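Worksheet: the structure to be examined is printed underneath.
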Amino acid sequence: MAASGLHALASEQRAAAPALGRIVVIGTGLIGTSIALAMRQVGTEVLLIDRDPDAVRLAADLGAGTPWPDDSGEPADLAVVAVPPPAVAATLLDAQKRGVAAAYTDVASVKGPPLAEAMRLGCDLRVFVPGHPMGGRERSGPLAARPGLFLGRPWVLCPTQECDPAVVAGVTELVTGCGATPVTMDAAEHDRAVALISHAPHVVSAAMAARFTEAPQHMVNLAGQGARDVTRIAAADPELWLEILRANAHPVADVIESVARDLALTAAALRAEGGPADLARPVADLARPVADLGRPDADTARPVADLLARGTDGRGRIPAKHGGSPQPLATVTALVPDRPGELALIFQAAGVAGINIEDVTIDHLPGRSVGVVELAVDPDSAPLLAAELRTRGWSVPVTPTC
């Protein structure tokens, strides 16, 4: 999406909710600072608290707010507890005892255990709405923060039965003020959901990336966009993710065990396909097409074909942007020089042609000062974009790939 599209989306979603007058962000890491930056853009006063004074200074220097003063006066409208899951309950209790705000929410990626601990400690749940913005990056810390991090993203809220509806409304203002879409869920349901769509995928990504530590460097040097896509999230802070996985251990384990079963069946089938018995089989049999893998005479390959087919179907169920139904896209590929401003010129060409770019990937070719840019667009727009780029001098295949 072009920058103008992001600004339009921000204006659309933020206009629905007036900015809270004053909030306190407790924890100035990636998420906390991103929330602070977003709320500053809608005119909210933001005060910052963190046990690390350097983190507070960095966030303040970025324009995220001002450090919490000793004599803050009246409580803020809302406090956002942006700390790791194990620290949520104790931080919430401390903030409530100090009277930091009239209402509270958190942004931890696990909801059940922190909520249970908050109950045990005696936190006032009437003024607390557990929350989780479904947006992030593989980088951490205030310098990685972005005010648009949550634009168009779901933001789960898990209010308890005793929570004051006015508090839920105030937290909802925070969500829409950040450009996100509020989604209400039970805490346990949330934890099962994030185990499936976030936590277990991180473990799988890490498991694949870990293979690269054992491989000779000349092999790893051949890695392309597929390897980068699969392992991108594995670059995140291991200590932070260890805390997340501990907090949501059982739901994550359930998903990983299911994945492990699929992989074990696939490995067994592939070993049977490539085992010693194959050496005596006719060449024509060894070269049978992929389409034959599901036929009755190819029993050993069925788990492989089944996994690949289910993978395609599952990928197709992921919603499109703005939560809409998945839509097929075409990919226009261009060979571009690796020099400043080249990508901006491509986006400009798409804008001139009136074409919205839905997604973009860049793959640099080893040893060459050129790269391959793949632009995902509406299928009907693909031929027009390809022609526009070709007219402007970029090398583009005649037929865009889907």
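The values are calculated or read from the model by the stated rules, or taken from the named source; none is laboratory data. Keep in mind that what you see is a predicted model, and the values were worked out from it rather than measured. FYI the Cβ positions are ideal-geometry reconstructions off the backbone, even for glycines, and counts take in every protein chain you see.
Numerical summary
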read-out: Odd one out for GLY63, checked against (1) surrounded by 23 or more Cβ atoms within 10 Å (Cβ to Cβ); (2) on the phi > 0 side of the Ramachandran plot; (3) not charged (D, E, K, R); value: (1)
read-out: Any hit, region 169-184, residues being under 23 Å from the mean Cα position of the chain (by Cα), loosely packed, with under 15 Cβ neighbours inside 10 Å and over 21 Å from PRO75 (Cα atoms); value: yes
read-out: Residues of region 151-191 that turn out to be touching an Asp or Glu at 6+ places or on another chain (Cβ under 7 Å) and either modelled with pLDDT under 95 or hydroxyl-bearing (Ser, Thr, Tyr) (or both), as a count; value: 0
read-out: Selection from region 197-230 of residues that are surrounded by 13 or more Cβ atoms within 10 Å (Cβ to Cβ) and either assigned by TED's automatic domain parsing to the domain that holds VAL360 or of a type in the set (S, T, N, Q) (or both); value: SER198, SER205, GLN225
read-out: Long-range neighbours under 8 Å by Cβ, at least six apart or interchain, first residue assigned to a strand (DSSP E or B) within region 30-47, second among the aromatic types (Phe, Trp, Tyr); value: LEU47/TRP68
read-out: Sole residue being more than 27 Å from ALA144 (Cα to Cα) and touching a strand residue (DSSP E or B) at 6+ places or on another chain (Cβ under 7 Å), chosen from VAL259, VAL183, VAL175, VAL168; value: VAL168
read-out: Residue match in region 136-156 (condition: in the same structural domain as ALA76 (by TED's automatic domain parsing), of a type outside the set (Lys, Arg), part of a strand (DSSP E or B) and buried (at least 22 other Cβ atoms within 10 Å of the Cβ)); value: yes
read-out: Wholly within region 181-257, helices (runs of 4 or more DSSP H) carrying at least 2 residues that are within 22 Å of MET134 (Cβ to Cβ); value: 187-194, 200-214, 225-231, 238-247
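Here's the yes/no breakdown for (1) over 18 Å from GLY27 (Cα atoms); (2) of a type outside the set (Ser, Thr, Tyr); (3) touching a residue at least 60 places away in the same chain (Cβ under 8 Å):
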position	(1), (2), (3)
THR66	no, no, no
ASP71	yes, yes, no
GLU74	yes, yes, no
VAL81	no, yes, no
PRO84	no, yes, yes
ASP94	no, yes, no
ALA108	no, yes, yes
VAL127	yes, yes, no
PRO133	no, yes, yes
